[in-house]
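Here is the structure we will look at.
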Amino acid sequence: MSEVVSLAAARRIALAAQGFGKSHPTTVTRRNLVGVMDRLQVLQIDSVNVFERSHYLPVYARLGAYDKSRLDQLAFAPGSGYLEYWGHEATFLPVDMWPLFRWRMDQFRAKALGDKDGWASDRSVFLDWLRQELRDNGPMAASEIEHEANTRRGPWWGWSDVKVGLETLFRWGEVVSAGRAGFERRYGLAEQMLEPEILDARVERSEAIRELVLRGVRAHGLGTLDDIADYFRLPSAEARTALQELEEAGSVRRVSVDGWERRGKAREVWIDPQAKRPRSIRAEALLSPFDPVVWARDRALRLFDFHYRIEIYTPAHKRVHGYYVLPVLIDDKICARVDLKNDRQNRRLLVRAAWAEPTADADTAPRLAELLRRTAHWQGCETIEVENKGTLSRDLSAALA
């Protein structure tokens, strides 16, 4: 009979696996940054900058205030040990993981070339020209490549053929990220950018998926099949096979979590046998919408009873909580959510709305207020202004006063 883990214990296991519950270092070093990136495995990238770009926030949530330029050196500098690929969505990941996604690169290529009406099927000459441009000139951004096809189609999201071509080769693994300039990705040929031991590594699809599943279990602490498969966006059937093999090898164990039943039956849950099981978690953190703790909305609902939908693409008059809403983690519960905006010109941190969750208690507002003070300082803001919207706004204003 498998072990039954209480819901509270499952939350603490999951948060500890994600790096919560530790005191923040006085000074954040490169070693601290590497520790977070290697623990999470993937750091999701998103361009929305209304408060702060998403990839900076999981690091801040786990380490506290740090110099963002040091993370830039890790994430963007060629040869730093990290690069970008579709590990979850677009993500930064350790370069040694790149060979584990060759099956995905091959899959992208086969799908693109197998579609007779697809973009890539009749552009082999153009793609060859792009390859040669990178071979001759080294890493380049799309905007640096001169070609009559380098014209955007439509508004800001309309990519030129040059950009589409570079992204196609990126998905196929023929080019890799070579840093960013002004958040614009630069592209370099994989054969010029990667060490031979990475470039030439060949990992069978089943072996790669098994390794990714194992890393997903360790990053989660524990999770269902859907949780674990989603971490690296793996096919469910193959992830299940990998879990069964890992279970037979003793690398994962099967448990059940109290309260995670479906239709009256316990869900299958797998746990990392080495996962920490803290009796308590002490934390105050703002979670990016793309933080692994909450990016799988069904998991956030099961773990925290937290129903979360990002409303960036919802018309303003239909939004419930706000535009760029961040969940607030206090200890092992999500107690609030805040809609934040960084008014950089006037050096103000704006709290457009603040909402209390049912798990909020008497110290939620003062602890959130102190967290926002630290956050404002990290962001270079001199003042914090709370608008009168949301069930927590009045208490938060009082706490900040």
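The values are calculated or read from the model by the stated rules, or taken from the named source; none is laboratory data. Quick caveat, the model's predicted, so the values are computed rather than measured. Every residue, glycine as well, gets a Cβ built from its backbone with ideal geometry; the counts of neighbours run over all protein chains shown. In case anyone asks, the SASA skips ligands and DNA or RNA and just uses the protein heavy atoms, side chains included. Shrake-Rupley method; radii C 1.70, N 1.55, O 1.52, S 1.80 Å.
Of note:
- Probing with 1.4 Å while keeping every protein chain in the model, the per residue accessible area of region 219-334 equals 46 Å².
- Ordering 196, 364, 243 by Cα displacement along the dipole of the chain toward the positive end leaves 364 in first place; charges were set at the Cβ atoms of Lys, Arg (+1) and Asp, Glu (-1).
- Mean Cα-pair separation over length for region 228-330, i.e. relative contact order, pairs under 8 Å, 6 or more apart, %: 20 percent
- Heavy-atom accessible surface of the chain: percent carbon and sulfur, 1.4 Å: 47 percent
- Residue 389 - accessible surface, heavy atoms, 1.4 Å probe, Å² rounded to 10: 90 Å²
- When the Cα gyration tensor is reduced to axis lengths a ≥ b ≥ c, the ratio a/c is 1.5 or higher for region 63-217, and with a/b not above b/c it is classed as oblate.
- Centroid-to-centroid separation of region 172-194 and region 87-101 [C-alpha atoms, Å]: 13 Å
- Taking 280, 177, 121 in turn, the Gaussian network model of the chain (Cα-Cα springs below 10 Å) assigns the largest fluctuation to 121.
- Taking every protein chain into account, the accessible area of region 10-94 amounts to 34 square angstrom per residue (probe 1.4 Å).
- Placing unit charges on each Cβ (+1 for Lys and Arg, -1 for Asp and Glu) gives the chain a dipole about its Cα centre, and among 168, 354, 36 the Cα reaching farthest toward its positive end belongs to 354.
- For region 274-401, a simple Cβ point-charge model (Lys and Arg +1, Asp and Glu -1, everything else neutral) yields a dipole of about 320 debye relative to the Cα centre.
- Rounded to the nearest 20 debye, the dipole size of the chain about its Cα centre is 1120 debye, using +1 on the Cβ of Lys and Arg and -1 on the Cβ of Asp and Glu.
- Ranked by how many other beta carbons lie within 10 Å on average, peptides 31-43, 255-267 from highest: 31-43, 255-267
- Centre separation in Å (Cα based) which lies between region 196-262 and region 32-64: 23 Å
- Electrostatic dipole magnitude of region 56-122 [Cβ: Lys, Arg +1; Asp, Glu -1; Cα centre; debye, to 20]: 180 debye
- Modelled FRET efficiency - R0 22 Å, residue 65 with residue 385, Cβ distances, 0.05 increments: 0.60
- Full extension of the segment from residue 249 to residue 184, taken as 0.36 nm per residue of separation minus the current Cα-Cα distance, would add 19.0 nm.
- Across the chain, the mean sequence separation of Cα contacts (distance under 8 Å, 6 or more residues apart), normalised by length, yields a relative contact order of 17 percent.
- Cα-based reach from residue 111 at 27 Å (exclusive), listing lysines while leaving out same-chain residues under 8 positions away: 163
- Projecting label points 7 angstrom from Cα along Cα→Cβ for residue 262 and residue 6 puts them 2.6 nm apart.
- Solvent-accessible surface ranking, highest first, for 378, 86 at 1.4 angstrom: 86, 378
- Length available on full extension from residue 102 to residue 279: 0.36 nm per residue minus the Cα-Cα distance, which gives 59.7 nm.
- For the chain: rounded, prolate or oblate by the Cα gyration tensor [a/c cutoff 1.5]: oblate
- Entry comment: accessible area of region 343-401 is 55 Å² per residue, from protein heavy atoms only and a probe of 1.4 Å.
- Relative contact order, whole percent, for region 267-392 stands at 21, derived from Cα pairs under 8 Å and 6 or more residues apart.
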